[in-house]
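Quick notes on the structure that follows.
Computed from the coordinates by the stated procedures, all read-outs in this text should not be read as laboratory data. Just so it is clear, the model here is predicted, and its values are computed rather than measured. All Cβ positions, even for glycine, are placed from backbone atoms using ideal geometry, and neighbour counts span all protein chains on display.
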Amino acid sequence: MKKVAFYTLGCKLNYSETSTISRMFENKGYQKVEFDQTPDIFIINTCSVTENADKKCKKIVKEAKKISPNSYVTIIGCYAQLKPQEIATIKGVDAVLGAAEKFRLIELLDGFAKEQEAKVLASEIQEATVFNNAFSINDRTRTFLKVQDGCNYGCAFCTIPLARGKSRSDSIANILDSAREIAASDVKEVVLTGVNIGDFGIQDGKRKERFADLVTALDEIEGINRFRISSIEPNLLTNETIEFVSRSKRFVPHFHIPLQSGSNTMLRAMGRRYLRELYEDRVSKIKTLMPHCCIGVDVIVGFPGETEELFLETYNFLNELPISYLHVFTYSERANTRATEMGGVVPMKVRNERSKMLRILSEKKRRQFYQENLGKTYTVLFEEDVEEGKMHGFTENYIRVSAKYDPMLINETKLVQLVEINEKGSVDIEEPEIVYEKH
Ligand code: SF4
């Protein structure tokens, strides 16, 4: 029995895809092992957004060859689609597969027999038109369910459309089947995942279904306690979806909405499809209906043309908004994007300083949000990690809580009262009584 190991870089989508590909291997009789358990085959799923993707990829290949010198090393993922020839020259790589090929790798690399030269099977990205469904079952608590792939937008800084192709989605019927399968495996929380999930519904190049109908249908699935919408573009987050979440049985009050900049000048330069007024309106709609809702924000600092004044516009905008945390990205040049041709390049030192300012703001926002929720009662889903005798979990509105470790609580939900913010930044709760709700 051949042994296969996986390594994943990047986003939730990559994790869901690695997980599905690993199940394909297991179904064909391969044995899935850990990276250091001398595998015969390595599958490395790469990311193009990761800083120094090339260096990371080389490092992992080197590590793999150290563990199993005669192993077969295959590179897939966004970076593999963008730079297949370059990757093929990395010492130790046996095959590189693009976006249109990665789900067929067992059949395409028939037997994984080593050859003199690395095999490159990466069609042009226009060929990646098929939707391959995927979901992760790595830990028992939470699953990433892929519902959409690719993107038809062309933001000036982004390589994702070049690496993943046009927007396309699974059908609602298929997604419901996957959700039922996940429910049967005792997973309690499902995170809907995609590149641009608000654009859900395109099949074979035509818009056939709507995101609002997908969430409504999923809400009826028995056996899954929680659904989380991972990240959704503000211009695609409709009143209908917000209102639905506010009365949903299973969709939790948590949105992650990319902003990227709080300056309209920058939003236009980035090619984003909204202005700050629309963003403000979305946040206000959410908070009016769900004052306890958690709102996460993606923001990029140091994009070309971002002067001190324009950065401060972003800072002040975020400071005023009732948001709960930020994911801060320091802009870095990516080949084949429009942004690399723009003037007004921001020195790296300034980019880093701005990033630091926003990270501090993020901590302040998170603390404020936690503070507002102290004394309230929420449901926590406990996870497997243990740290210094403590276990953790998240409330439905994404507050990280800490409790004394009790193995019986893993993957269980429990009603708790939030008591105080501890020195690690999590929230301590009333010691759970030993009353388990089994769903
Ligand atoms: S919406 Fe913009 S940033 Fe997001 S994947 Fe599409 S092109 Fe990239």
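With a simple spin-label model that places each label point 7 Å from the Cα along the Cα-to-Cβ direction, the separation between ASP186 and LYS119 comes to 3.8 nm. How much FRET efficiency would the formula 1/(1 + (r/R0)^6) give for ASP110 and LYS206, where r is the Cβ-Cβ distance and R0 is 35 Å, rounded to 0.05? According to the calculation, E is roughly 0.50. Hey, got the dipole for the stretch 199-260? About the Cα centre, +1 on K and R Cβ, -1 on D and E Cβ, debye to the nearest 20? I would put it at about 120 debye. Net charge of the neighbourhood of TYR331, taken over other residues with C-beta under 10 Å away and scored Lys/Arg +1, Asp/Glu -1, is +1.
Straight-distance candidates among the aspartates and glutamates for linking to LYS58, with alpha-carbon spacing under 16 Å and chain neighbours fewer than 8 residues away dropped: GLU86, ASP94.
One quarter of the convex hull surface built on the alpha carbon atoms of the chain amounts to 21.3 nm², the projected area averaged over directions.
Among the listed pairs LYS32/LYS356; LYS285/LYS404; LYS188/LYS208, those whose Cα-Cα separation exceeds 31 Å are LYS32/LYS356; LYS285/LYS404. Within the straight-line cut-off of under 16 Å between alpha carbons, the lysines reachable from LYS114 are LYS2, LYS3, LYS65, LYS91, sequence neighbours fewer than 8 places apart in one chain being disregarded. With the largest listed first and rounded to whole Å, the semi-axes of the equivalent ellipsoid of the stretch 71-125 from the Cα gyration tensor are 16, 14, 8.
Each Lys and Arg Cβ is given +1 and each Asp and Glu Cβ -1; about its Cα centre, the stretch 49-98 then shows a dipole of about 220 debye. Charge dipole of the chain (Cα centre as origin; +1 on each Lys and Arg Cβ, -1 on each Asp and Glu Cβ, all else neutral): 820 debye, rounded to the nearest 20. Legend: calculated FRET efficiency, GLN126 to LYS28, from the Cβ-Cβ distance at R0 = 30 Å, rounded to 0.05, equals 0.55. Ordering CYS11, PHE244, ILE106 by the projection of their Cα atoms onto the charge dipole of the chain, which places +1 on the Cβ of Lys and Arg and -1 on the Cβ of Asp and Glu, puts ILE106 at the extreme positive end. With the simple model of a label 7 Å out from the Cα in the direction of the Cβ, GLU388 to ASN52 spans 2.9 nm.
Around ASN45, what is the net charge, scoring Lys/Arg as +1 and Asp/Glu as -1 over all other residues with Cβ under 10 Å from its Cβ? Local net charge: 0.
Of the GluC sites (Glu not before Pro) in the stretch 83-136, which ones lie in a loop per DSSP and count no more than 14 other C-beta atoms within 10 Å? Here the GluC sites (Glu not before Pro) that fit, given the DSSP loop and packing criteria, are GLU115, GLU117, GLU124. A dipole drawn for the stretch 369-424 from +1 and -1 charges on Cβ atoms has a positive end, and of GLY393, ALA403, LEU374 the residue lying farthest that way is LEU374.
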